[in-house]
Amino acid sequence: MTTRLGSESEPRRDDLRGFLRNRRARLTPQEVGLPPGGRRRTPGLRREEVASLAGISLTWYTWLEQGRRITVTTSILDAISGALRLNDTEQAHLYRLAGHAPPPTGPASDAPAECRHSVPEHIARLIEEWLPNPAYVLDRHWRFLSGNSAVHPVFGEVRRGQSCLDGFLSADGPHRALAEWEAMAPSLVAEFRAEAARYPDDPGFTQIIRRLTRHSPEFARLWEQQEVRETALGVKTIEHPWVGRLVFDRTTIQVTDHSDLRVVFLIPKPGTSTRELLRTLRVERGR
C-alpha cells in the first residue's frame, strides 16, 4: 500500500518531520549496534545511519524527513520503525502522519475472524455497570464480541461474530428486530463506507463488501450511491416480540487503547415507555 506524502496537509508534514528527527535524536549508535563514530555535532543517529539500518537510500530518507512530495509505502514505514526502535504506539503514529492506517494489532491473524479480539477486563466491567441498559462491544468490522446481560433479553440470541450488516443477507436474527430496518439501511451502509476508509490496508473490509454486494442487491444498490456518514450518536428502535417498541438513544465510543473495538451504549429515550418495559423484561442491575 502506498500514499503520496505531498497530499497530506502542511501541519501533518511538519509533525512528521518533528517526530522523525526527535526519535532519531533519542538513539545512540551503540543502541542499534553501530560503532560510536567519534564526536557528533548533534545527539543521536545521523540520517545516513537510519537509512542504512532501514535499507533505503539516504536521499529518500532525507526527503521523507523533510516532508517532500514522495510516495510512501507501508513496507518502508515498517523498515523505518524498526531502525528507530519504535514501539507499537509510535509506529501507529508514524503511519498516521504518513497518511496510512496503522497496522493491525492483536492476536495472530490466522485465528478465526470473529474470534481475533478479546474484550479487555475493564471494558467488560464498564458495560456491566451500564445495566439495566444494554451495552455491547463490536470489532472494527462491526461484529459482535460481547455484551452485558441486557443484550439477549432486548435483542434475542446474539452470536459472537454476528453483525448488523447480516440484515442484508437474512431475514432471521436480531438485526431484523430493528423497527425501521428499511429506513436505517442507507445510513448503515454510509457509516460502514466511512469506517472502511479508516483501514485502507485491511482486506477484511474488502471481503465483507464483496460478499454483501454479491448476495444482496439492496446492499449493492446502496453501496453504489457512494454516500458517506460518520456519527457516534443516533436512535435505535426495536420491535420486541413480547413488550412492543423499545426506543434507545445510542452512543458509540471507539476505545483509544484498543482501536479495533467500539463500545455501543443504549439508554432509554426520554418520553418513551422504554425504561418501564425494560423492567418488564426483568433487566436489572445484578441479575
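All of the numbers you see were taken from the coordinates with simple rules; none came from a lab. Predicted model, so just to flag it, every value in this text is computed and none were measured. As a convention, Cβ positions derive from the backbone with ideal geometry for all residues, glycine included, and neighbour counts pool all protein chains shown.
In table form, for the structure just shown:
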| quantity | calculated |
| --- | --- |
| Residues with amide H under 5 Å from that of Asp201, placed H, sequence gap 5 or more | Ala101 |
| Full-extension gain in nm, Arg96 to Arg245, via 0.36 nm per residue minus C-alpha separation | 49.4 nm |
| Taking the C-alpha atoms of the stretch 2-97, convex hull volume expressed per residue in Å³ | 90 Å³ |
| Counting all C-alpha pairs of the stretch 113-280, share separated by more than 24 Å (%) | 34 percent |
| Zero-based 5 Å bins, Cα pair distances in the stretch 39-94, whole percents | 4, 18, 28, 28, 16, 5, 1 |
| Under Karplus coefficients 6.51, -1.76 and 1.60, residue-wise ³J(HN,Hα) of the stretch 151-156 in Hz, glycine/proline x | 5, 5, x, 7, 9, x |
| Separation in nanometres of the label points that stand 7 Å from Cα toward Cβ, at Thr62 and Thr256 | 3.9 nm |
| Fully extended contour minus Cα-Cα distance, from Glu128 to Arg85, at 0.36 nm per residue | 11.6 nm |
| Virtual spin-label span in nm between Thr73 and Leu34, 7 Å along Cα→Cβ | 2.3 nm |
| Cα centroid separation - the stretch 122-158 against the stretch 227-257, whole Å | 12 Å |
| Residues in the stretch 77-91 that a label on Arg26 would reach, taking backbone N under 16 Å of a point 7 Å out along Cα→Cβ | 80-91 |
